[in-house]
Amino acid sequence: MGKAPNKCPMCGEQVQWKLVDESNKGFSVGKAAVGAALLGPVGLVGGALGKKKRCYYCGKCGFNHEY
């Protein structure tokens, strides 16, 4: 998942392109790798803390996507 664009990728709307939800879900391979390097096998649990996901919604065309 990449960085969210500053406008709707479908219609180009900037004003109504809004962040509607932000959460931590899933398994983060990056956090698990860093945790394992620093703390060994116990550090792998750090990957379970999840990735930060942001959901954006366009009020003009209705497009939504997680970044």
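The values are calculated or read from the model by the stated rules, or taken from the named source; none is laboratory data. Since we're looking at a predicted model, the values are computed, not measured. All Cβ positions, glycine included, derive from the backbone under ideal geometry; neighbour counts span all protein chains shown. Ligands, DNA and RNA are excluded from the accessible area calculation, which covers all protein heavy atoms including side chains. Shrake-Rupley method; radii C 1.70, N 1.55, O 1.52, S 1.80 Å.
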- Filter segment 1-31 down to the residues that are outside any loop (DSSP other than H, G, I, E, B) and among the small types (Gly, Ala, Ser), then identify the one that is modelled with the lowest pLDDT. GLY30
- Task: Could you give me the residue pairs with C-beta distances under 6 Å whose first residue belongs to segment 3-16 and is closer than 12 Å to CYS61 by Cα, whose second residue is in a loop (DSSP other than H, G, I, E, B) and of a type in the set (Phe, Trp, Tyr) wherever it lies, and which are 6+ apart or on separate chains?
- Result: CYS8/PHE63; MET10/PHE63
- Item | Exclusive hit being open to solvent by less than 90 Å² (accessible area, probe 1.4 Å) and either outside any loop (DSSP other than H, G, I, E, B) or at pLDDT below 70 (or both), set VAL45, VAL34 | VAL34
